[in-house]
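**Q** Input: one structure, supplied below.
The values are calculated or read from the model by the stated rules, or taken from the named source; none is laboratory data. Quick caveat, the model's predicted, so the values are computed rather than measured. Please note: Cβ atoms are built from the backbone with ideal geometry, for glycine as well, and neighbour counts cover all protein chains shown. Protein only, heavy atoms only, side chains kept; ligands, DNA and RNA dropped before computing areas. Shrake-Rupley method; radii C 1.70, N 1.55, O 1.52, S 1.80 Å.
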Amino acid sequence: MKNKIALITGATSGIGKATALTLAKMGFDIIGTGRRADRLEELGRELSAEVRFLPLVFDVRDREKVGKILGNLPADWSAIDVLINNAGNAHGMDPIQTGSLDDWDAMMDINVKGLLYVSKAIIPGMTERNSGMIINIGSIAGKEVYPNGNVYCGSKHAVDAITKGMRIDLNPFGIKVIAIHPGMVDTEFSLVRFKGDEARAESVYKGFVPLYAQDIADIVEFVVNRPSHVVLADIVVLPTAQASATLVKKNLS
Ligand code: NDP
Ligand code: 8X3
């Protein structure tokens with residue numbers, strides 16, 4: 001994959017970081033984005049010196065900044081081959097009657113609108129070149145709805161629908177559009193969802209073997225390595241212990 005460019009949003013932790021490291025090992029030059037500049041610097045130090053790295057610090061909610069930064073990439077970074085829309089999180093886990101408007105705004109603005117802002121900036125280059133691949137990170141929460149998951153599930157159902165729409169509209173251009181929908185992955189996800197409550201976040205992954213960020217990065221590697229006539233359009237990946245969004249075989253003693 002020499003001289004190919006992958007842009008990964010949310011490359012500062014979890015799935016995005018593992019994916020950036022994996023794609024770099026495959027030879028991709030990497031554009032990594034996120035709000036935490038220090039984490040992007042750290043990622044840069046971990047990446048192989050054989051690939052180029054462009055860290056971009058922005059909040060995907062900031063429509064103008066997203067357009068300005070991604071619409072003015074340096075010439076030798078502008079032809080993105082693979083876009084991975086990964087930035088996102090759950091914020092809170094409350095019943096609909098007591099949920100927080102700020103949490104709802106955050107989830108819709110980041111998981112849905114942020115994905116759209118980034119895609120809007122990158123897709124025209126792909127349609128011009130009649131090539132490219134977009135991988136949207138959805139969730140089992142985009143396939144099922146679970147108690148207190150209401151708005152997060154809504155945001156990921158939107159990602160599922162938008163992915164299908166992208167696949168249809170971009171079909172004439174030969175652009176591959178893929179959704180990966182993971183079940184429970186042990187990242188900083190629950191720490192964010194529970195607003196820094198470490199004990200509560202850790203308890204989510206107790207008593208079973210969850211997925212790890214690298215498991216998702218391995219799937220990205222496989223997806224990206226398919227021949228040009230093959231697209232893995234829609235992938236649901238769960239830990240073996242997980243049968244549905246709510247059913248997890250736990251061994252808690
Ligand atoms: P992490 O919390 O570890 O990573 C989230 C990433 O998203 C970080 O790099 C963060 O960067 C970035 N991000 C969050 N908000 C913003 C924002 N406003 N602007 C820019 N970047 C942002 O969680 P995961 O790796 O688990 O999550 C990655 C994706 O996977 C998300 O879309 C999530 O919904 C999805 N997912 C996660 C699952 C899980 O169980 N962990 C399961 C299914 C799907 P920074 O904070 O530096 O801005
Ligand atoms: C994250 C997985 O089950 O917490 O998308 O919603 S779950």
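**Q** Only residues that are surrounded by fewer than 19 Cβ atoms within 10 Å (Cβ to Cβ), more than 16 Å from ligand 1 (Cβ to nearest atom) and not in a helix (DSSP H, G or I): list them for region 52-80, please.
**A** Within region 52-80, Arg52, Asn72, Pro74, Ser78, Ala79 meet the criteria.
**Q** For region 113-152, give me each residue that is within 18 Å of the chain's Cα centre (by Cα) and among the basic types (Lys, Arg).
**A** Once the filter is applied, which keeps residues that are within 18 Å of the chain's Cα centre (by Cα) and among the basic types (Lys, Arg), region 113-152 yields Lys113, Lys120, Lys143.
**Q** What tally of residues in region 134-155 results from selecting those that are crowded, with 21+ Cβ neighbours inside 10 Å and touching a strand residue (DSSP E or B) at 6+ places or on another chain (Cβ under 7 Å)?
**A** Summing the residues that are crowded, with 21+ Cβ neighbours inside 10 Å and touching a strand residue (DSSP E or B) at 6+ places or on another chain (Cβ under 7 Å) in region 134-155 gives 8.
Let's see how each residue does on (1) in a loop (DSSP other than H, G, I, E, B); (2) within 16 Å of ligand 2 (Cβ to nearest atom); (3) touching a Lys or Arg at 6+ places or on another chain (Cβ under 9 Å):
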site	(1), (2), (3)
Leu83	no, no, no
Asn89	yes, yes, yes
Gln97	yes, no, no
Ala141	no, yes, yes
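**Q** So which pairs qualify, if the first residue must be in region 75-92 and farther than 18 Å from Ala158 by Cβ, the second must be assigned to a strand (DSSP E or B) and within 16 Å of ligand 2 (Cβ to nearest atom), the Cβ gap must be under 8 Å, and the two must be at least 6 apart or on different chains?
**A** Cβ pairs passing all conditions: Val82/Ile135.
**Q** Residues in region 19-50 that are under 12 Å from Ala6 (Cβ atoms) and out of contact with any Phe, Trp or Tyr (no Cβ under 6 Å at 6 or more places or on another chain): how many?
**A** Total meeting the criteria: 14.
**Q** Looking at the structure I just gave you, is Asp109 closer than 19 Å to Val192 by Cα, open to solvent by less than 40 Å² (accessible area, probe 1.4 Å) and either within 11 Å of ligand 1 (Cβ to nearest atom) or not in a loop (DSSP other than H, G, I, E, B) (or both)?
**A** No, not satisfied.
Yes or no, residue by residue, for (1) part of a loop (DSSP other than H, G, I, E, B); (2) within 8 Å of ligand 1 (Cβ to nearest atom):
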residue	(1), (2)
Asn148	yes, no
Lys156	no, yes
Ile162	no, no
Met166	no, no
Ala179	no, no
Thr187	yes, yes
Val192	no, yes
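**Q** Sticking with this structure for a sec: I'm checking my understanding of the structure. Among residues of region 114-133 that are away from ligand 1 (no atom under 16 Å from the Cβ) and in a helix (DSSP H, G or I), which one is least open to solvent (accessible area, probe 1.4 Å)?
**A** Met126
**Q** Look at Asn89 and say whether it is polar (S, T, N, Q), within 11 Å of ligand 1 (Cβ to nearest atom) and farther than 21 Å from Glu221 by Cβ.
**A** It is true that Asn89 is polar (S, T, N, Q), within 11 Å of ligand 1 (Cβ to nearest atom) and farther than 21 Å from Glu221 by Cβ.
**Q** Follow-up. So, in region 158-196, how many residues would count as being among the hydroxyl-bearing types (Ser, Thr, Tyr) and under 21 Å from Gly99 (Cβ atoms)?
**A** Total meeting the criteria: 1.
**Q** Under 8 Å between Cβ atoms, which residue pairs at least 6 apart in sequence (or on different chains) link something in region 29-41 that is assigned to a strand (DSSP E or B) with a partner that is within 16 Å of ligand 2 (Cβ to nearest atom) and of a type in the set (A, V, I, L, M)?
**A** Taking only residues 6 or more apart or on different chains, the pairs are Thr33/Ala87; Gly34/Ala87.
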